[in-house]
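Report on the structure given below.
The values are calculated or read from the model by the stated rules, or taken from the named source; none is laboratory data. These numbers come from a predicted model, not from an experiment. Every residue, glycine among them, receives a Cβ derived from its backbone with ideal geometry; neighbour counts consider all protein chains shown. All accessible areas refer to the heavy atoms of the entire protein, side chains included, with ligands and DNA or RNA removed. Shrake-Rupley method; radii C 1.70, N 1.55, O 1.52, S 1.80 Å.
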Amino acid sequence: MNAESKAFEQVSQERVAFLGTRPIPAKPYYDADWFELEREAVFRRSWMCVGHICEVPEKGSFIRRELEVLKASLLIVRGKDEKLRAFHNVCTHRGTQLVEEAQGKRTRFSCPYHMWTFGSDGELVSAPDFEQFHVAKEDCALKQVALEVIAGLIFVNFSKEPEALSDQLGDLVTQMESLPVARATTFSEYVYEIDANWKLTYDNFQENYHLRFIHPRSGGAACGKDNPFGYPAEVDFHGDHRTQTIWSNPDASAPAVQELGFGRTIPAAMEKGLLNTDAGRKYFALFPSFFMFGTPVQNFVHVVYPISAEKSRGVIRLYWVDEDGSASERFGREAIMVTAHDVHCEDTAVIEAGQRGISSGALEHIHMQTQESLCRHLFNVVEEKVHAYQAERNGS
Amino acid sequence: MSRKLPKGFEALEPFIAIWSANTAAQRDNLRTTVPAQQRAAFHRVIAPLANQALDQLDEKGLANFDAADENLMQLLLAYAHVGHAEEVQGSDEAKHAATRPRLRFTRAPADRATNADSLP
Ligand code: FES
Ligand SMILES: [Fe+2]
């Protein structure tokens, strides 16, 4: 025990009273009409994480990303001016998708249909027999989407003039920038598809109430004597975004493979200055569907991408600074990835069981307790945006 | 004849054929598909050697690995998975294995033949 350890105190209801205590309507968690509203009210107007700058390191490097919720295919390209831009992967002649590869490096992008050719800055460079057209080349550039990089992470926003994500995040930017992700050069990744609404899926990862039941073995260290549910030490709200501070169990002990995994990466992490962060116990939940866990030796990002009202997919990445420098680092990164994966695997079945129950229409409402206030906050924000969008559409 | 593993790790030789893999996805699959008894037998031998093996490989440096060092590295990477089966999941491992194919490993720094990026 050190001087800092004190008895766990859970987040009080007063702290989150501003969120209300009403039961939450169930319909938005399965209803197709509500999902259509979310497409426009939430996803077409919010910053969504689509990758990391380490994937587009050089002039001409590009990645293609599909955002099903907006029926969009995006091309994220580093131009010859080094600038990173996001474009619709859509030829401006008659709409053909330009690029099929998931990633690569090119100076020009030629449409397979009639060979319109675009530069890495999106400008139309050449088009066969262009004299026959009735439009100027300057007006045929690829359609651009707003892009912002925070802590190395690439975010896009389909609004015409979105409020900068850094302005929305305020202090959180510095905290995020202090984590390995900001300097990452490589990553581990695993992906899943799930028959569940994006909010129901996402909520599972922003409440700890389920830990001891769903993760009795893999989540053991998260719960302890004076905090049997492993509730967060703190929660915080930043506009549409929110964070929690993960409680550290002073009595936790890890199995040998995990101790070896984490222990073996620490010397290199220390040498690289990666442990100097105040955000090491922070869990960032950026609206609408982004998570990042701050632990510097397990700095993971988890994004839930909606596909339909009852279908989503998730991408989880653990970000690393530099290629493996030693056998220890190589082993540690593999083990740390498996540790995270083991936990995440245990969640999917119960999320889908929740979706089946909700989709049956048996419930008009679901209930959220004080320690599920991050889930409540997400719903409140979504609902507010959907209502504002409806009002806007009705011209009121 | 060149040795299959660095000196001192001969006890691991019988496991090379089963547990060497190119990717995290393959290692995860081995954790699931190799019969439980064989998995436990591998774990019994490698767990007490892992620390020393890493020390020795660190000393050598990744750039100087010969085939024997590479074999040992691959077994350690398999231990990263198998250790979770034996030390974390224990008797729940079979149940846990059923959940794992849902979350597909698509990339890891240790992958020898890197998969294409998974984001569609
Ligand atoms: S649609 Fe692309 S060149 Fe015609
Ligand atoms: Fe969980």
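Computed from the C-beta positions of A:Met270 and A:Gln13 and an R0 of 41 Å, the FRET efficiency is 0.55 to the nearest 0.05. Taking 0.36 nm per residue of sequence separation and removing the Cα-Cα distance, the A:Phe213/A:Asp139 pair yields an extension gain of 20.8 nm. If R0 is 45 Å, the Cβ-Cβ spacing of A:Asp278 and A:Glu131 corresponds to a FRET efficiency of close to 0.15. The convex hull built on the alpha-carbon positions of the protein assembly as shown has an orientation-averaged projected area of 28.4 nm². The residues neighbouring A:Arg15, those whose beta-carbon lies less than 11 Å from its own, together hold a net charge of -4 under the Lys/Arg +1, Asp/Glu -1 convention. In sequence order, segment B:19-35 has phi-based couplings of 9, 7, 8, 8, 9, 4, 4, 5, 5, 4, 5, 5, 3, 7, 9, 5, x Hz under the Karplus curve 6.51 cos²θ - 1.76 cosθ + 1.60, θ = phi - 60°, and Gly or Pro positions carry x. Shielding of peptide A:192-198 by partners, expressed as the average count of other chain Cβ atoms within 10 Å per residue Cβ, is 1.
The Cys residues in the protein assembly as shown with no partner Cys Cβ within less than 4.7 Å of their Cβ are A:Cys49, A:Cys54, A:Cys140, A:Cys223, A:Cys345, A:Cys375. Partner shielding of B:81-94 amounts to 5, given as the average count of beta-carbon atoms from other chains within 10 Å of each residue beta-carbon. Under a straight-distance cross-link criterion of Cα-Cα below 21 Å, which lysines are reachable from B:Lys4, leaving out those fewer than 8 residues away in the same chain? Once the sequence-local lysines are set aside, what remains near B:Lys4 is B:Lys60. When each of the peptides B:50-56, A:202-208 is scored by how many other beta carbons lie within 10 Å of its residues on average, the order from highest to lowest is A:202-208, B:50-56. Each stretch of four or more DSSP H residues adds -39500 (n - 2.57); spread over every residue of chain A, this sum gives -7500 deg cm²/dmol at 222 nm. The heavy atoms of A:Phe237 offer some 40 square angstrom of accessible surface to a 1.4 angstrom probe.
For the pair segment A:258-313 and segment B:1-60, the centres of their Cα atoms are 28 angstrom apart. Comparing A:Val145, A:Gln298, A:Tyr283 along the charge dipole axis of chain A, the residue lying farthest to the positive side is A:Val145, per the Cβ-charge model. Here is the P(r) of segment A:48-161: all C-alpha pair distances, binned every 5 Å from 0, give 2, 12, 24, 25, 19, 11, 5, 2, 0, 0 in whole percents. The accessible area of A:Lys143, taken with all protein chains in place and a 1.4 Å probe, comes to roughly 120 Å².
Against the compact-protein benchmark of 2.2 N^0.38 Å, the Cα-based radius of gyration of segment A:1-111 scales to 1.68. The mean count of C-beta atoms from other chains within 10 Å of the C-beta of residues in A:184-191, rounded to a whole number, is 6.
Under the membrane-span-like helix rule (DSSP H runs whose alpha carbons stretch at least 18 Å along the helix axis, mean Kyte-Doolittle hydropathy 0.0 or higher), chain A yields A:256-271. Largest mean-square fluctuation among A:Val149, A:Val257, A:Val304, in a Gaussian network model of chain A whose springs join Cα atoms under 10 Å apart, belongs to A:Val257. All other residues whose Cβ lies under 12 angstrom from that of A:Ala268 are scored, Lys and Arg at +1 and Asp and Glu at -1, for a net of -2.
Only Lys, Arg, Asp and Glu carry charge here, each on its Cβ (+1 for the first two, -1 for the last two); on that basis segment A:240-355 has a dipole of about 240 debye about its Cα centre. Relative protection proxy for B:67-75, A:274-282, A:372-380, from highest mean packing down: A:372-380, B:67-75, A:274-282 (other beta-carbon atoms within 10 angstrom).
Between the helical axis of B:67-83 and the longest alpha-carbon principal axis of chain B there is an angle of about 30 degrees. GNM, chain A, Cα, under 10 Å: largest mean-square fluctuation among A:Ser178, A:Ser359, A:Ser253? Sorting by GNM fluctuation, first place goes to A:Ser253.
When chain A is treated as a GNM with alpha-carbon contacts under 10 Å, the residue of A:Gly361, A:Gly60, A:Gly314 showing the greatest mean-square fluctuation is A:Gly361.
Excluding same-chain neighbours fewer than eight residues apart, the aspartates and glutamates reachable from A:Lys143 by a Cα-Cα span under 17 Å are A:Glu66, A:Asp121, A:Glu123, A:Glu161.
The reciprocal of the average 1/r between distinct C-alpha atoms defines the Kirkwood hydrodynamic radius, which for segment B:13-102 equals 13.6 Å. Sorted largest first by accessible area at a 1.4 angstrom probe radius, with every protein chain in place, the residues A:Met176, A:Met270 fall in the order A:Met270, A:Met176. Ordered from highest to lowest accessible area with the whole protein assembly present and a 1.4 Å probe, A:Asp139, A:Asp347 read as A:Asp139, A:Asp347. A 26 angstrom limit on the alpha carbon distance is what I want to check against. Which of A:Lys71/A:Lys282; A:Lys80/A:Lys282; A:Lys83/A:Lys137 exceed it? Cα-Cα > 26 Å for A:Lys71/A:Lys282; A:Lys80/A:Lys282; rest within. Loop-located chymotrypsin sites (Phe, Trp or Tyr not before Pro) in segment A:280-318 (DSSP state other than H, G, I, E, B) with a sparse environment of at most 13 neighbouring Cβ atoms within 10 Å are absent.
Each residue of segment B:29-76 gets 77 Å³ once the volume of the Cα convex hull is shared out per residue.
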